[in-house]
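Okay, so here's the structure we're looking at.
The values are calculated or read from the model by the stated rules, or taken from the named source; none is laboratory data. In this text, all values refer to a predicted model and were calculated from it rather than measured experimentally. Cβ placement follows ideal geometry from the backbone for every residue including glycine, while neighbour counts extend to all protein chains displayed.
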Amino acid sequence: MEHMTHESGAVIYNPTAGRGTGGTLFRDAEALLGKNFAWMPTRRAGHAEELAREAAGKYPVVVAMGGDGTVGDVAKGIMGTDTTLGVIPVGTGNDFARNLNLKLDLAESVATILGGMVRKIDVGTINDTVFVNNCGTGFDAQVMKTMNTGIRFAKGQAAFILAILKTLPSYQPFTLTMNYENAEGLQTFTEKAFLVSALNGRMYGGGMIAAPFAEMDDGHLDVLVITAVPKIQLLPLIGQVRAGNHVNNPAVKMLKVRRFEMQTIPPQPLNIDGDVRGLTPAIVEVKPNVLKVLVR
């Protein structure tokens, strides 16, 4: 990792991040960062990616100020260029920042942008769509759908837990067929399953430690599969996943892979960094060391 000093750049900020706190916090951030940063508000879904793509050629650093959605969009916009990503996390989950051990404090975030180290990290793709934290299908995609449409007042883990409780009663497991390659060669299995989650870092869902041994720069994705268990066992199991104590549970498979394919009966919605779109089948793979990020 190289040490850098950055005195200029662009900040792409989401005025509605963190249930609306982004708009007030950006003035404080502006005061801390100084006058050499251009400020660009996002106006609609996907706008951050467009702004980042335009800014990538002009600025050495492009900062994402918002939640994981904004961070993911900005990352997509600058990926593969010489521009480095900075993060001011003001979202509901902030899993990307947690995965890189970044402080969630505003002053600390700004200090990292002005004088942090540059680290190259992996990203993943699902059916050629980029994700920075995780993608998956099954129960967690359904929970994200509930969270995005049916829960307005809670934040972070509280919103996530509320969505789990709302989704669970009617949720049905699905038949999963998975193909992947590891050191022993091509592997395949078919099981009744509740969820599949492929993680780039250790956490998603507002700090759930779903992949305790993941690193964002190891050239692999860590895949969590929860096979079908009686529903009564599912809540305690989700509690174990939150704490990172699930890896020895008999209903859990943990895989470390560069690429896998999954098919489901019936088709299941896809969760891509908390955004629910598209359906299985899916091909998921890692792109190693393609994104430069400022870390402490």
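Things worth noting here:
- Count - residues of the stretch 190-212 that are within 18 Å of residue 285 (Cα to Cα) and either free of Cβ contacts under 8 Å to residues at least 40 places away in the same chain or touching a Cys at 6+ places or on another chain (Cβ under 7 Å) (or both): 1
Listed here are the residues, each with its yes/no results for (1) in contact (Cβ under 8 Å) with a residue 60 or more places away in the chain; (2) aliphatic (A, V, I, L, M); (3) assigned by TED's automatic domain parsing to the domain that holds residue 144.
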position	(1), (2), (3)
26	no, no, no
65	no, yes, no
71	yes, yes, no
87	yes, yes, no
105	no, no, no
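- Strands (runs of 3 or more DSSP E) contained entirely in the stretch 119-227, each with at least 3 residues that are surrounded by fewer than 24 Cβ atoms within 10 Å (Cβ to Cβ): 174-182, 185-199, 221-227
- In the stretch 33-89, counting only strands (runs of 3 or more DSSP E) that sit wholly within it, none holds 1 or more residues that are of a type in the set (Lys, Arg) and closer than 18 Å to residue 122 by Cβ.
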